[in-house]
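Enquirer: Before anything else, here's the structure in question.
The values are calculated or read from the model by the stated rules, or taken from the named source; none is laboratory data. This is a predicted model, so every value here is computed, not measured. Note that each Cβ is placed from the backbone with ideal geometry, even for glycine, and that neighbours are counted across all protein chains shown.
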Amino acid sequence: MYACPACNAASISFFRKWLSSPALPASCPACGRYSYAHRSSGGVGVVVAAFGITASGFAASAVQALWPLLCGIVAAMVFYVLHWHRTRLETLSPELLSQARKTEAMSAFALLIAFFLN
Ligand SMILES: [Zn+2]
């Protein structure tokens with residue numbers, strides 16, 4: 001469990017933190033405030049993990065064995081989980097939540113239009 005950035009109660013699960021975004025924030029059962037893990041820091045974790053898997057794939061190809069790739073995949077997954085573990089939660093005001101949901105709805109609508117016009 002992670003501490004709520006507003007009231008400091010350990011009330012937010014890893015899975016909820018991982019899935020949180022400004023449009024779908026984690027809510028604290030203790031104080032009712034919303035929070036989310038900053039998405040840009042999650043992107044860094046994905047890029048580093050992808051780079052690690054690619055490098056271990058080249059290493060596996062060079063030594064003609066599977067173990068470097070498997071080690072790379074495990075290391076990348078561990079890094080990604082630890083990265084999310086360290087990412088801090090930030091509070092989100094109800095105004096920003098409403099704004100984020102409108103933006104998300106508009107982009108989903110634009111995606112649907114693009115899909116049906118294609
Ligand atoms: Zn709280």
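Enquirer: May I ask you to list the residues in region 39-53 that are surrounded by 15 or more Cβ atoms within 10 Å (Cβ to Cβ) and either more than 20 Å from the chain's Cα centre (by Cα) or under 19 Å from residue 2 (Cβ atoms) (or both)?
Expert: 42, 45, listed by residue number.
Enquirer: Evaluate the following for residue 34: is it farther than 23 Å from residue 105 by Cβ, in contact with a strand residue (DSSP E or B) (Cβ under 9 Å, 6 or more places away or on another chain) and surrounded by 17 or more Cβ atoms within 10 Å (Cβ to Cβ)?
Expert: Working: farther than 23 Å from residue 105 by Cβ: no; in contact with a strand residue (DSSP E or B) (Cβ under 9 Å, 6 or more places away or on another chain): yes; surrounded by 17 or more Cβ atoms within 10 Å (Cβ to Cβ): yes.
It is false that residue 34 is farther than 23 Å from residue 105 by Cβ, in contact with a strand residue (DSSP E or B) (Cβ under 9 Å, 6 or more places away or on another chain) and surrounded by 17 or more Cβ atoms within 10 Å (Cβ to Cβ).
Enquirer: Do we have residue 107 as of a type in the set (Ser, Thr, Tyr), over 15 Å from residue 3 (Cα atoms) and exposed (fewer than 11 other Cβ atoms within 10 Å of the Cβ) here?
Expert: On the way: of a type in the set (Ser, Thr, Tyr): yes; over 15 Å from residue 3 (Cα atoms): yes; exposed (fewer than 11 other Cβ atoms within 10 Å of the Cβ): no.
So residue 107 fails the test.
Enquirer: Does residue 71 meet the test of being without any contact (Cβ under 8 Å) to a residue 60 or more places away in the chain and within 16 Å of the ligand (Cβ to nearest atom)? Show your work before the answer.
Expert: Details: without any contact (Cβ under 8 Å) to a residue 60 or more places away in the chain: yes; within 16 Å of the ligand (Cβ to nearest atom): no.
Criteria not met by residue 71.
Here is a yes/no grid of residues against (1) in the same structural domain as residue 12 (by TED's automatic domain parsing); (2) part of a helix (DSSP H, G or I); (3) within 16 Å of the ligand (Cβ to nearest atom); (4) more than 21 Å from the chain's Cα centre (by Cα):
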residue	(1), (2), (3), (4)
55	no, yes, no, yes
76	no, yes, no, no
81	no, yes, no, no
95	yes, yes, no, yes
113	yes, yes, no, yes
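Enquirer: A further question on this structure: So for region 10-23 (the condition being within 10 Å of the ligand (Cβ to nearest atom), at pLDDT 90 or above and closer than 19 Å to residue 98 by Cβ), does at least one residue qualify?
Expert: no
Enquirer: Quick check: anything in region 76-85 free of Cβ contacts under 8 Å to residues at least 12 places away in the same chain, of a type outside the set (Val, Ile, Thr), out of contact with any helix residue (DSSP H, G or I) (no Cβ under 6 Å at 6 or more places or on another chain) and at negative phi?
Expert: yes
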